[in-house]
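The values are calculated or read from the model by the stated rules, or taken from the named source; none is laboratory data. Just so it is clear, the model here is predicted, and its values are computed rather than measured. When we count neighbours, we look across all protein chains shown, and the Cβ atoms used for this are built from the backbone with ideal geometry, even at glycine.
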Amino acid sequence: MVYEDFLTQVLPFNKNNIHPRFWSWVEGGGTPMGMLADMLASGMNANLAIGDHGPIYVEKQVIEWSKELFGFPKKASGILTSGGSIANITAVLVARNNFDENIKQKGLHAVPGQLIVYGSSETHNSLFKAVEVIGIGSNNFRKIQVDEHYKIRTDMLHQLILEDKHAGLQPFCIIGNAGTVNTGAIDDLNSLARIAKEENMWFHIDGAFGSVPKLLPEFDDQLKAIEAADSLAFDFHKWLYVNYEVGCVLIRNAEAHRSAFTSPANYLLAHERGLSSGPDPFANYGMELSRGFKALKVWMSLKQHGIRKYARLIRQNLEQAQYLGQLIVQNSELELLAPISLNIVCYRYNPGNTREEDLNMLNKEILMRMHEEGVATPSYTQLKGKYSIRVAITNHRSQREDFDVLVQATCRLGNEIKH
Ligand SMILES: Cc1ncc(COP(=O)(O)O)c(C=O)c1O
């Protein structure tokens, strides 16, 4: 029976991001409510391309809630995406077309001078890919240096924009990071918003996971500038724990959003009544025509759990990151490799008297063995040439004891490999 094949050949080989000690990359854990919602959505076989039917209104409601959550104005627009990558591409495409309305039809030659995008060297690679996909080329993404907290150097950014303008280039978009993928750093978004305004540029925030603490009053200052952004990308499937896949992009200027993606066609004309009537189709706000009912799992999850529960779980993850940081700092065999500004902890095993290259190999081996043994699943990155074990806590099932297990396993494996 095919279900038995699933049970024996597929299910046991899950990546297992539903486990309490899964902390790789940035992955949320999903919930039973999300599973149920996905089954219901699939049963309806809803296609949210166009038409006057309930699922479209559910997605519209989710977008309304998202605007409220992040302080976007009521008249802003938005669309659910498969994830942060597509949310980022959607935003920079709107930014590009908004810079000069001729670009949409005539292409980039419509603009005299090369378009330039700015963001820190810690920006997620989906934005470098986005800049390539929209024809600007990643060489024209200015990767600005970061400070010791991995935040963009806003002084260098502003200086470079002025120099580029002087050289006849066309700076048009600044990317701010609310939570960098490597270390969780939040750029000085207030300054970025100010520079964007002064230089008349689009301000996009990649808040894939790090925008979500906006739910907590303690982030009022750091994340306030989200309310001033022209666009925001964030994911429900990361730190809002919704099952894969679902991200979102919000765009302040709904007209600019619509005009970037609308493309009239006789077979898609809106009627006054019947199934072909209804709200402005989502197809006018994104690349896809046929789209699944991703909104249902978000809608059902938010209604079931309520925003206060999300705030509590996010705060729990933040406290767990601090707890892990303390365990590392107190342990003479471990070294913290970056400040903990959010929910990401980067560290390595370093018993002393070991060369840098050897430490890099040693820590990589620790990580691989940890995965093979199935003890815990952190991931990795490279910080200033140092191989780092990286723990990204977007896991609502983790408990404090899980971090004790991680630290013990790191030291045990480090000792085993060394001797
Ligand atoms: C900061 C940041 N931006 C964008 C993305 C891409 O998001 P997605 O994997 O949902 O496409 C990620 C993924 O981890 C991320 O951490």
In the stretch 23-43, how many residues are of a type in the set (Ser, Thr, Tyr) and under 21 Å from Tyr57 (Cα atoms)?
1
Here are the criteria: (1) within 16 Å of the ligand (Cβ to nearest atom); (2) more than 28 Å from Ile340 (Cβ to Cβ); (3) not in a helix (DSSP H, G or I). Tell me which single one Leu275 does not satisfy.
(1)
Specify the residue that is nearest to Ala185 (Cα to Cα); the eligible residues are those in the stretch 107-128 that are away from the ligand (no atom under 16 Å from the Cβ) and part of a strand (DSSP E or B).
Tyr118
Checked the stretch 156-185 for anything surrounded by fewer than 19 Cβ atoms within 10 Å (Cβ to Cβ) and either within 16 Å of the ligand (Cβ to nearest atom) or under 12 Å from Ser120 (Cα atoms) (or both); matches are Met156
One residue is enough: does the stretch 139-159 have a residue meeting the conditions modelled with pLDDT under 95, closer than 23 Å to Leu93 by Cα and either touching a strand residue (DSSP E or B) at 6+ places or on another chain (Cβ under 9 Å) or not β-branched (Val, Ile, Thr) (or both)?
no
Just for the stretch 191-213: of the residues that are polar (S, T, N, Q) and farther than 13 Å from Phe70 by Cβ, which one is nearest to the ligand (Cβ to nearest atom)?
Ser191
Condition first: touching a residue at least 60 places away in the same chain (Cβ under 8 Å), within 25 Å of Ile152 (Cβ to Cβ), in contact with a Phe, Trp or Tyr (Cβ under 8 Å, 6 or more places away or on another chain) and outside the structural domain of Ala311 (by TED's automatic domain parsing). Can you find one or more residues in the stretch 70-77 that meet it?
yes
Pick from the stretch 111-155 the residues that are within 20 Å of Thr381 (Cβ to Cβ) and among the hydrophobic types (A, V, I, L, M, F, W, C): which of them is surrounded by the fewest Cβ atoms within 10 Å (Cβ to Cβ)?
Phe128
Total residues in the stretch 365-419, condition part of a strand (DSSP E or B) and not aliphatic (A, V, I, L, M):
10
Checking Tyr310 against (1) more than 16 Å from the ligand (Cβ to nearest atom); (2) farther than 30 Å from Met201 by Cβ; (3) over 19 Å from the mean Cα position of the chain (by Cα): exactly one of these is not met. Which one?
(3)
Take Ser341 and tell me if it is in a loop (DSSP other than H, G, I, E, B), in contact with a strand residue (DSSP E or B) (Cβ under 8 Å, 6 or more places away or on another chain), closer than 30 Å to Ser211 by Cβ and polar (S, T, N, Q).
yes
Would you be able to say whether some residue in the stretch 275-282 is free of Cβ contacts under 8 Å to residues at least 60 places away in the same chain and among the aromatic types (Phe, Trp, Tyr)?
no
Looking at the stretch 229-259 only, could you name the residues that are surrounded by fewer than 23 Cβ atoms within 10 Å (Cβ to Cβ), farther than 14 Å from Pro73 by Cα and more than 16 Å from the ligand (Cβ to nearest atom)?
Ala256, Arg258, Ser259
Could you look through the stretch 56-86, keep only residues that are over 27 Å from Ile134 (Cα atoms) and aromatic (Phe, Trp, Tyr), and pick out the one that is nearest to the ligand (Cβ to nearest atom)?
Trp65
Under 7 Å by Cβ, and 6 or more places apart or on different chains, what pairs join a residue from the stretch 145-170 that is in the same structural domain as Thr183 (by TED's automatic domain parsing) with one that is of a type in the set (Ser, Thr, Tyr) and surrounded by fewer than 21 Cβ atoms within 10 Å (Cβ to Cβ)?
Gln145/Ser121; Val146/Ser121; His149/Ser341; Thr154/Ser191
Taking Gly43, is it within 28 Å of Asp280 (Cα to Cα), within 16 Å of the ligand (Cβ to nearest atom) and in the same structural domain as Gln170 (by TED's automatic domain parsing)?
no
Just give me the residues in the stretch 373-417 being touching a helix residue (DSSP H, G or I) at 6+ places or on another chain (Cβ under 9 Å), more than 21 Å from Ser121 (Cβ to Cβ) and loosely packed, with under 14 Cβ neighbours inside 10 Å, in sequence order.
Glu373, Gln399, Arg400, Asp404, Glu416
Pro20 is checked against (1) touching a strand residue (DSSP E or B) at 6+ places or on another chain (Cβ under 7 Å); (2) in a loop (DSSP other than H, G, I, E, B) and fails just one. What number does that condition carry?
(1)
